[in-house]
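The values are calculated or read from the model by the stated rules, or taken from the named source; none is laboratory data. Note that the structure is predicted; figures quoted are calculated from it, not measured. Positions of Cβ are generated from backbone atoms using ideal geometry, with glycine treated the same way; all protein chains shown enter the neighbour counts.
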Amino acid sequence: MSSAAFPEPPAKIPATSPESLEAMIARVADRAEAWKQVGLDERVRFLDKIIEGLNHVAPQLVADGCKAKGIPADSALAGEEWLATVTTTVRNARLFRDALKAGGQPKLPGTHTRGDGQVVAQVFPTDLQDKLMFTGMRAEVWIEPGKTASQGMVYREPGSKKGGVCGVLGAGNVGSIPPMDVLYKLMVDNEVCILKMNPVNEHVGPHLEVAFKELIDAGYLALCYGGVSVGKQLSEHARVDTLHVTGSDRTYDAIVWGTGEQGAKNKAQGTKINARPFSAELGCVTPVLVVPGPWTEAELDYQAQSIAGMVTQNGSFNCNAAKLLVTARGWALRERLLAKVQDALAGAPPRKAYYPGAQERFQGFVDQYPQAKKLGAQGEQIVPWTFIPDVPSQPGEYALTQEAFCGVLAQTDLDCSTPQEFLRQAARFANEDCWGTLSCVVLVHPKTAKAYAEELDQAVADLRYGGVALNCFPGLIYGLVVTTWGAFPGHTPQDIQSGVGVVHNSFMLDHPQKSVVYAPFVIKPAPFWFPVHENLDGLGKKMVAMESAPSWGKLVGVALAAFKA
């Protein structure tokens, strides 16, 4: 089948010259100590200007994002860019602004202590508008065992003001990742930043230069462009104190250990070529754990669309995209759900495979699994939505250890039939046999959740993931911003998997372990990640307005747009 006609991507941006980057680093590094002295009121002013600037550049930023990702200008899918790029960045800036207005100690909606002594901070909803806009949802940040829910260390303890220069190597898949990483480094870690845009979405950079102009003019932030050589100069520069990367574990390994045989030797011997403090978010084989339950036909239809949307959103170029559907072999409704998921994928619009290497990764899975089912259009620029049934649930299995980062969903079974058996086996399976710890999904019917409340709670506690999403796409954990985003703590440089450290975390919690979001089993109106959402563009624009300056009138506008889906 031939490829669809996609719009031309934005023009390429020339790489920053070594001389320009050298001057850029020097200028920002010279301002590192000054940033530590910038008071709360001035930081709030910077954030206000960023929100204003993002609103100014939003239409063209979205238009360029659509061109880069092959989305027609008049398509409802443009809403993905309004939501994932603009809305989340605006929300992040606004919530950090509110946190700073509270002296870096924003009031938590609540805390409680679990029976084992672990502290849990309630972070959502924060007010009545949250409750109405996200009906039935709640979110928690679980604190590392033995720690308290303390907040904003650099504002609470002036002597701990950290600081320094951070080289941020931006992600190429979602336009909000680079600016949100920068906001976290500036406002929570107290570090000035040099942001290197990824060549895949470098079009975002010029818009950020406008929106973040005052920070750039003051010397607290700079942006550079280019590929490996620019990244190498930045990450190895003597005046760059720390690094942050969103990308792949291979990128992390190349920076820390080197490449080729020498890199492998360095890693085996523990000899780092770059020993700087490093935070990183590096992807995951995201499992969707389907707890057996009494699902109705309508609920099966809804969940099939939801699962498909977790695959197709942003063309499946998400580190939190559903990659592995885990079901109970003895569940009576298993076959019905699997058939409906395949139908939903087949009905999803084809997407441009804009992220480099997608065709090769897709082919690797097809070569490994002859039973793979291609369910959508295929072409030179299109990776078909692909379902791989009956993958063995055994350690080392290809689909369990390789992140597809394209429109592939594998499926595997656990040998059980009851909810309690599944919950026990699924937590162990996800922790021990699936690569990565960034995010996972648990789908559980409300009757099952009630009947097996203790078993469900234990499974959530046992899951070693930085984000656990109950009945929703993990992208919601990313987008809420009050939650943390990052791997479960404990990865070593030799086995980095999903990375180390967190971002977002607008309550500025000092010792987060993981975030958990609880959503209704069926969300109405249809959530943003559904593969077909007829008014996503309109919803995205209304959400930007709401997040920029919340009001009851704007909330009504969001609701009306959502119900047009």
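Are any of the residues in the range 71-84 farther than 27 Å from residue 562 by Cα and modelled with pLDDT of 95 or more?
Looking through the range 71-84, none of the residues is farther than 27 Å from residue 562 by Cα and modelled with pLDDT of 95 or more.
Does any residue of the range 527-534 turn out to be surrounded by fewer than 19 Cβ atoms within 10 Å (Cβ to Cβ), more than 19 Å from the chain's Cα centre (by Cα) and not assigned by TED's automatic domain parsing to the domain that holds residue 439? Don't jump to the end; show me each part of the working.
Keep residues of the range 527-534 that are surrounded by fewer than 19 Cβ atoms within 10 Å (Cβ to Cβ), which gives 532, 534.
Next, from what is left, pick out any that are more than 19 Å from the chain's Cα centre (by Cα): 532, 534.
Add one more test, that the residue is not assigned by TED's automatic domain parsing to the domain that holds residue 439, and what stays is 532, 534.
The answer is yes; a qualifying residue exists.
So, in the range 316-340, how many residues would count as being under 21 Å from residue 416 (Cα atoms) and in a helix (DSSP H, G or I)?
Matching residues across the range 316-340 total 6.
Going through the range 457-477 one residue at a time, which ones are under 17 Å from residue 120 (Cα atoms) and in contact with a Ser or Thr (Cβ under 8 Å, 6 or more places away or on another chain)?
Taking the range 457-477 first, the residues under 17 Å from residue 120 (Cα atoms) are 457-470, 477.
Answer for the range 457-477, where residues must be under 17 Å from residue 120 (Cα atoms) and in contact with a Ser or Thr (Cβ under 8 Å, 6 or more places away or on another chain): 464, 465, 466, 467, 468, 469, 477.
Give me the residue from the range 321-343 that is crowded, with 24+ Cβ neighbours inside 10 Å and under 22 Å from residue 525 (Cβ atoms) and, out of that set, farthest from the chain's Cα centre (by Cα).
Looking at the filtered set, the residue picked out is 341.
Please indicate, with yes or no, whether at least one residue in the range 233-242 is surrounded by fewer than 20 Cβ atoms within 10 Å (Cβ to Cβ) and free of Cβ contacts under 8 Å to residues at least 60 places away in the same chain.
yes
So that you can scan it fast, the table gives a plain yes or no per residue for (1) outside the structural domain of residue 332 (by TED's automatic domain parsing); (2) in a loop (DSSP other than H, G, I, E, B); (3) closer than 30 Å to residue 455 by Cβ; (4) in contact (Cβ under 8 Å) with a residue 60 or more places away in the chain:
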| residue | (1), (2), (3), (4) |
| --- | --- |
| 367 | no, no, no, no |
| 371 | no, yes, no, no |
| 394 | no, yes, yes, no |
| 410 | no, no, yes, yes |
| 422 | no, no, yes, yes |
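Could you run through the range 344-360 and say how many residues are buried (at least 20 other Cβ atoms within 10 Å of the Cβ) and either among the basic types (Lys, Arg) or closer than 20 Å to residue 301 by Cα (or both)?
So the answer is 5.
Please pick out the residue among 296, 286 that is touching a residue at least 24 places away in the same chain (Cβ under 8 Å), closer than 30 Å to residue 334 by Cβ and of a type in the set (S, T, N, Q). Before you say what the answer is, go through the steps one by one.
On the way: 296 fails: touching a residue at least 24 places away in the same chain (Cβ under 8 Å).
Going through 296, 286 in turn, the sole match is 286.
So is residue 267 over 30 Å from residue 537 (Cα atoms) and modelled with pLDDT of 95 or more or not?
Details: over 30 Å from residue 537 (Cα atoms): yes; modelled with pLDDT of 95 or more: yes.
Taking the combined requirement at face value, the residue satisfies it.
Please determine, by comparing only the residues of the range 524-544 that are touching a residue at least 24 places away in the same chain (Cβ under 8 Å) and assigned to a helix (DSSP H, G or I), which one is farthest from residue 344 (Cα to Cα).
544
Quick test of your reading of the structure: residue 157 fulfils all but one of (1) in contact with a helix residue (DSSP H, G or I) (Cβ under 8 Å, 6 or more places away or on another chain); (2) without any contact (Cβ under 8 Å) to a residue 60 or more places away in the chain. Name the failing condition by number.
(1)
Based on this model, can you work out whether residue 21 counts as part of a helix (DSSP H, G or I), aliphatic (A, V, I, L, M) and in contact with a strand residue (DSSP E or B) (Cβ under 9 Å, 6 or more places away or on another chain)? Spell out the reasoning first.
Details: part of a helix (DSSP H, G or I): yes; aliphatic (A, V, I, L, M): yes; in contact with a strand residue (DSSP E or B) (Cβ under 9 Å, 6 or more places away or on another chain): yes.
Criteria met by residue 21.
Taking residue 201 and the conditions (1) more than 20 Å from residue 275 (Cα to Cα); (2) in contact with a strand residue (DSSP E or B) (Cβ under 6 Å, 6 or more places away or on another chain), which numbered condition does it fall short on, given that it satisfies the others?
The single condition residue 201 does not satisfy is (2).
Go over the candidates 281, 261 one by one and state the one that is surrounded by 22 or more Cβ atoms within 10 Å (Cβ to Cβ), of a type in the set (Asp, Glu) and modelled with pLDDT of 95 or more. Talk me through it step by step, then tell me what you get.
Working: 261 fails: surrounded by 22 or more Cβ atoms within 10 Å (Cβ to Cβ).
None of the other options fit; the residue is 281.
Being outside any helix (DSSP H, G or I) and of a type in the set (Lys, Arg), is that true of even one residue in the range 118-132? Lay out the reasoning, then the answer.
Just the residues of the range 118-132 that are outside any helix (DSSP H, G or I), to begin with: 118-127.
Those still in the list that are of a type in the set (Lys, Arg) too: none.
No, the conditions are met nowhere in the range 118-132.
Looking for something more than 27 Å from residue 310 (Cα to Cα), crowded, with 24+ Cβ neighbours inside 10 Å and of a type outside the set (Val, Ile, Thr) - is there at least one such residue anywhere in the range 131-141?
Going through the range 131-141, the residues more than 27 Å from residue 310 (Cα to Cα) turn out to be none.
Taking every residue of the range 131-141 in turn, none turns out to be more than 27 Å from residue 310 (Cα to Cα), crowded, with 24+ Cβ neighbours inside 10 Å and of a type outside the set (Val, Ile, Thr).
Against the condition under 20 Å from residue 471 (Cα atoms), of a type in the set (Val, Ile, Thr), in contact with a strand residue (DSSP E or B) (Cβ under 6 Å, 6 or more places away or on another chain) and in contact (Cβ under 8 Å) with a residue 40 or more places away in the chain, how does residue 437 come out, does it pass? Spell out how you get there, then give the answer.
Working: under 20 Å from residue 471 (Cα atoms): yes; of a type in the set (Val, Ile, Thr): yes; in contact with a strand residue (DSSP E or B) (Cβ under 6 Å, 6 or more places away or on another chain): no; in contact (Cβ under 8 Å) with a residue 40 or more places away in the chain: yes.
So residue 437 does not fit the description; no.
Residues 149, 93: which one is farther than 25 Å from residue 54 by Cα and surrounded by 14 or more Cβ atoms within 10 Å (Cβ to Cβ)? Quick ask: steps written out before the conclusion?
Details: 93 fails: farther than 25 Å from residue 54 by Cα.
The conditions single out 149.
When you scan the range 373-392, how many residues do you find that are over 21 Å from residue 442 (Cα atoms) and either assigned to a strand (DSSP E or B) or of a type outside the set (Phe, Trp, Tyr) (or both)?
Filtering the range 373-392 for residues over 21 Å from residue 442 (Cα atoms) gives 373-386.
Going one step further and asking which of them are either assigned to a strand (DSSP E or B) or of a type outside the set (Phe, Trp, Tyr) (or both), we end up with 373-384, 386.
Qualifying residue count, the range 373-392: 13.
Could you check residue 274 against (1) assigned by TED's automatic domain parsing to the domain that holds residue 162; (2) closer than 24 Å to residue 403 by Cβ; (3) assigned to a loop (DSSP other than H, G, I, E, B); (4) not β-branched (Val, Ile, Thr) and say which number it fails?
All conditions pass for residue 274, except number (1).
Where in the range 431-502 are the helices (runs of 4 or more DSSP H), entirely inside, with at least 1 residues that are over 13 Å from the mean Cα position of the chain (by Cα) and aliphatic (A, V, I, L, M)? I'd like the intermediate steps shown before the answer.
Working: elements: 446-451, 453-462, 475-480.
By residue number, 446-451, 453-462.
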